[in-house]
């Protein structure tokens, strides 16, 4: 019984982690479209909605970035920076360094970015690039996916609560049976002791 409870607990934790990850990704995508980035546990999560970095980063790819020291950024790194011209964050590659400023370019673009990146508008370095098809689904159906996540989470809670009640009921029944067994055993012991005492009285 205890093993079953432990396995269900581990399974539940894994499901919650997956759901939280999906929620973070969706919220991160909404944030980046509004000119913001969402941080969690020291990292930023978002989905690339532009083909400017293909084929390295496909449209819809999930990316995770981390803010590193600006002086540690090197040519070839893919970073996120704030564009004052477009009033949004851009994910492009560092192609050159000029007097402490970074020159940027999208792998799929023909021209260098018009803006330089300095310590002031540098946001973070991309440390993980995920699968694109998941991001595309999220980009096209954010409300639907959030609804499905909530529904699945509610269904999971319902099943877990139902199973937990069954386990508690079974444990309670097992405990009652154990108590009844102990009472019956005690009663039998008392009856045997009484018979033994009566037998002693007869013999005396």
| said: Given the condition assigned by TED's automatic domain parsing to the domain that holds residue 60, at pLDDT 80 or above and on the phi < 0 side of the Ramachandran plot, answer yes or no: does some residue in the stretch 129-148 qualify? | reply: yes
| said: Within the stretch 59-73, does at least one residue satisfy the condition of being assigned to a loop (DSSP other than H, G, I, E, B), in the same structural domain as residue 42 (by TED's automatic domain parsing), touching a residue at least 40 places away in the same chain (Cβ under 8 Å) and buried (at least 21 other Cβ atoms within 10 Å of the Cβ)? | reply: yes
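Please tell me if residue 13 is surrounded by fewer than 18 Cβ atoms within 10 Å (Cβ to Cβ), modelled with pLDDT of 70 or more, part of a helix (DSSP H, G or I) and under 22 Å from the mean Cα position of the chain (by Cα). Step through it out loud before you land on a result.
Working: surrounded by fewer than 18 Cβ atoms within 10 Å (Cβ to Cβ): yes; modelled with pLDDT of 70 or more: yes; part of a helix (DSSP H, G or I): yes; under 22 Å from the mean Cα position of the chain (by Cα): yes.
The answer is yes for residue 13.
Could you please find all residues in the stretch 58-71 being farther than 21 Å from residue 131 by Cα and touching a strand residue (DSSP E or B) at 6+ places or on another chain (Cβ under 8 Å)? Walk me through it before giving the result.
Step one: list which residues in the stretch 58-71 are farther than 21 Å from residue 131 by Cα, which gives 67-71.
Hits for the stretch 58-71 are 67, 68, 70.
Which of the following residues is exposed (fewer than 10 other Cβ atoms within 10 Å of the Cβ) and free of Cβ contacts under 8 Å to residues at least 24 places away in the same chain: 183, 169, 202, 194?
On the way: 183 fails: exposed (fewer than 10 other Cβ atoms within 10 Å of the Cβ); 169 fails: exposed (fewer than 10 other Cβ atoms within 10 Å of the Cβ); 194 fails: exposed (fewer than 10 other Cβ atoms within 10 Å of the Cβ).
Just a single option satisfies the conditions, and that option is 202.
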| query | Among the residues of the stretch 101-114, is any under 20 Å from residue 43 (Cβ atoms), out of contact with any helix residue (DSSP H, G or I) (no Cβ under 7 Å at 6 or more places or on another chain), outside any loop (DSSP other than H, G, I, E, B) and at pLDDT 95 or above? | reply | no
| field | Selection status of residue 183, modelled with pLDDT of 80 or more, over 30 Å from residue 89 (Cβ atoms) and assigned to a helix (DSSP H, G or I) | value | yes
| query | Quick one: which of 42, 28, 76 is exposed (fewer than 14 other Cβ atoms within 10 Å of the Cβ) and modelled with pLDDT under 95? | reply | 42
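The values are calculated or read from the model by the stated rules, or taken from the named source; none is laboratory data. Keep in mind that this is a model prediction, so the values were computed, not measured. Neighbour counts are summed over all protein chains in view; Cβ atoms, including those assigned to glycine, are modelled from backbone coordinates with ideal geometry.
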